[in-house]
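The block underneath contains the structure these notes are about, expressed in structure tokens.
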Amino acid sequence: MSAQEKHRLVVCSAEELREGDRRLIELDGVEIGLLRAEGTCYAFRNSCPHQGVPMLYGSVVGTMLPSQPQEYVYGLHNEIIRCPLHGWEFSLKTGKAMFSPAVSIKMYEVKEEGDEVVLYLDRQPQSITRKQFACVL
Amino acid sequence: MTTRVKHNGLIDCDVHPVLSDFNELVPYLDESIQQYMNIGKFAKGALAKQNSGSFKFPSSAYANPLPVPLRADAFPPNGDIPGSDPAFLASDLLDRCQTDFAILNIGHGTMSAFHNVEVAAKYTSAANDWLYGKWVKSDPRYRMTMEITPLDPAQAVQEIERIGKRPEIVGINMHCVNIPLGKRHYWPIYEIAEAYDLPIVLHPDTEGTGEYAASFGVGPASTYMEWHTSLGLIGQRNVISLVCEGVFERFPNLKVNFIEYGFSWIAPTMWRMDKNWKALRHEVPWVKMLPSEYIRRNIRFGTQPIEEPARPKDLVELIQMIGAEHMLLFCSDYPHWDGDELERAFLHFPGELRHKVFYENPLASFRIQP
Ligand code: FES
């Protein structure tokens, strides 16, 4: 389905999702977390595939890339979100876990259009709740 | 005794020949070390009974409490200790079990954890030459692992270069010191082991002996029972170290055979390592697959002393559960007290699994040319 055929939902203004900010929205009972890192907006299902804790509390980090034994190579700066419970790493670009492409968080299409942060959804949600969210990160 | 279990080939991966007396080493040992060890013409006689009056071999601090701490049915006719007579061992064990090959891991052959590394190195070379000369050459079914000095990798590499290409040598018996097996310290040894297609064998011997002995995780055991049961912890610790340090990424064809540390503990070790790696992989970014995949690919386990759950089939189910059918190596541990008898220990193993354990797995895990 192309972006044109998808349902367009304005989540908030760009001003309301500045660098490091986080927002939480619930669509038909499913929580979606949004955040901005290094200028880019990301949206993802707010539930870790492991034991279900809310991903929106996760740290946005870089990580050590697969490397030769006994050698550390840092990369993917602020492209990884780490689950707030056990720390599984997921790519914010693809949703895939660093340890296996078979494990992932669901990512949603999100765009910054003018002054609006817009989610593109497969279908129109029946209920939309913008929720209060605060974390120390 | 006759064999009741039918088999289509048997490789016994752990048989122990012993020296009757350290003087057996005299023909193979430099005079300087004979003098250090007070053997041959340097015997100290009565002074040997003095505290610090003469050399003491680093024997175990944990004495086996049984009346006869070796198989009491394995004394050779000359009355010497079990495991000291190559011809008798060949008939008592190999003929009886129809063993194709027996891998000799020298008993008390090691001074790996001894404080004087140069003495240990010379002793180790002499022990290798004694084992090769007296035992391996005596029967075509004998193969041997060679000892090395793990505290001195450069010397260990030299020793492997000296004798490691001999076809009768099928593995490197490294022994455990207080440096975990994954550390870079050992990598020169792993490099040549992989190049020579020789597995590293780890077998208890130094635990609780020399000054460089590995600890038991918490502190000293009080009894032999406590010591013996805790050996699995040392195996476990070393498996964890090998995988986490990236040894099997760097040396993908290296095999490490843990003999006599038990094996059922590998199931929870795999589960726990896999779980931790999913969260902590960035600390060991060179570990690129699930830890259990490296363990299955590169690590093997001797069967003896086989674990004996109340319901024997539980053990078979555990092996199937973790896909370890290709990882187990038959070991009798003859003539030690805790050995396993072929016809009884594997009664509950399905035939196909038994054949793997008895023959195929050892053949694939040691450098044996049938
Ligand atoms: S709940 Fe997210 S990693 Fe365990």
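Mean sequence separation of contacting Cα pairs (under 8 Å, at least six apart), scaled by the length of segment B:219-370, corresponds to a relative contact order of 22 percent. Compared with the rule-of-thumb size 2.2 N^0.38 Å for a compact globular protein, chain A has a Cα radius of gyration ratio of 1.08. For segment A:44-89, the fraction of alpha-carbon pairs lying more than 16 Å apart is 43 percent, rounded to a whole number.
The ellipsoid equivalent to the alpha-carbon distribution of segment B:178-225 has semi-axes of 27, 12, 8 angstrom, derived from the gyration tensor eigenvalues as √(5λ) and listed largest first. Inter-chain neighbour count for A:61-68: the average number of beta-carbon atoms from partner chains within 10 Å of each residue's beta-carbon is 4. In whole percents, the pair-distance distribution calculated for segment B:166-294 from its alpha-carbon pairs, binned every 10 Å from zero, is 12, 41, 35, 12, 1.
A simple spin-label model places pseudo-atoms 7 Å from Cα toward Cβ; at A:TYR74 and A:CYS135 they are separated by 2.2 nm.
Taking the Cβ of A:ILE32 as the center, what net charge do the other residues with Cβ under 12 Å away carry, scoring Lys and Arg +1 and Asp and Glu -1? The answer is +2. Taking a Cβ cut-off of under 12 Å around B:GLN50, the surrounding Lys, Arg, Asp and Glu residues balance to a net charge of +3, with basic ones at +1 and acidic ones at -1. Hydrophobic, long helices, defined as DSSP H runs whose alpha-carbon span along the helix axis is 24 Å or greater and whose mean Kyte-Doolittle value is at least -1.0, occur in chain B at B:224-244. Taking only the C-alpha atoms of the protein assembly as shown, Rg followed by Dmax gives 29.6, 99 Å.
Top mean-square fluctuation among B:PRO268, B:PRO140, B:PRO309, Gaussian network model of chain B, C-alpha springs under 10 Å? So, out of B:PRO268, B:PRO140, B:PRO309, the one fluctuating most is B:PRO309. Centre-to-centre separation between the Cα atoms of segment B:120-192 and those of segment A:53-90: 42 Å. Report the one residue of B:THR149, A:ALA37, B:GLY53 whose Cα lies farthest in the direction of the positive end of the charge dipole of the protein assembly as shown (charges on C-beta: Lys and Arg +1, Asp and Glu -1; origin at the Cα centre). Value computed over the given set: A:ALA37.
Quick one: Kirkwood hydrodynamic radius for chain B, alpha-carbon pairs, angstrom, one decimal? Walk me through the numbers on the way to the answer.
Details: mean 1/r = 0.0473 Å⁻¹.
Evaluated over chain B, this radius sits at 21.1 Å.
Mean separation of Cα pairs under 8 Å and 6 or more residues apart, divided by the residue count, gives segment B:323-370 a relative contact order of 49 percent.
Within the shell defined by Cβ-Cβ distances under 10 Å, the residues around B:TYR294 carry a net charge of +1, with Lys and Arg each +1 and Asp and Glu each -1. Ligands, DNA and RNA are left out, and with a 1.4 angstrom probe the accessible area of the protein assembly as shown is 44 Å² per residue. For segment A:32-106, the residue among A:LEU85, A:ASN46, A:PRO66 whose Cα projects farthest onto the positive side of the dipole built from Cβ charges is A:ASN46.
Around the Cα centre of the protein assembly as shown, unit charges on the Cβ atoms of Lys, Arg, Asp and Glu (plus for the first two, minus for the last two) sum to a dipole of about 600 debye. If R0 equals 56 Å, the separation of the Cβ atoms of B:MET225 and A:VAL53 corresponds to a calculated FRET efficiency of about 0.80. Spin-label pair A:LYS6-B:GLU341: with each label point 7 Å from Cα along the Cα-Cβ axis, the two points sit 7.1 nm from one another. Enter the Cα centre distance for the pair segment B:78-95 and segment B:18-69, rounded to the nearest angstrom. About 22 Å separates the Cα centre of segment B:78-95 from the one of segment B:18-69. When the Gaussian network model of chain B links Cα atoms closer than 10 Å, the mean-square fluctuations of B:ALA61, B:ALA213, B:ALA193 top out at B:ALA61. A quarter of the convex hull surface defined by the alpha-carbon atoms of segment B:224-328 gives 6.9 nm² as the mean projection. Histogrammed with a bin width of 10 Å, the alpha carbon distances of segment B:1-122 distribute as 11, 32, 33, 17, 6, 1 percent, first bin at zero.
Among the residues of A:82-90, the average count of other protein chain beta-carbon atoms within 10 Å of the residue beta-carbon is 3. Computed over chain B, relative contact order equals 20 percent, with contacts defined as Cα pairs under 8 Å that lie 6+ residues apart. Association of chains B and A removes close to 1500 square angstrom of accessible area from solvent, both sides included, for a probe radius of 1.4 Å.
Which value, in debye to the nearest 20, describes the size of the charge dipole of chain A about its Cα centre when Lys and Arg Cβ atoms bear +1, Asp and Glu Cβ atoms bear -1, and nothing else is charged?
It comes to approximately 340 debye.
The charge dipole of segment B:245-349, taken about the Cα centre with unit charges on the Cβ atoms of Lys, Arg (+1) and Asp, Glu (-1), comes to about 660 debye, rounded to the nearest 20.
The values are calculated or read from the model by the stated rules, or taken from the named source; none is laboratory data. None of these values were measured; they are calculated from a predicted model. A quick note on method: Cβ atoms are made from the backbone with ideal geometry, for glycine too, and the neighbour counts reach across all protein chains shown. We work out accessible area using only protein heavy atoms, side chains counted, and drop any ligands, DNA or RNA first. Shrake-Rupley method; radii C 1.70, N 1.55, O 1.52, S 1.80 Å.
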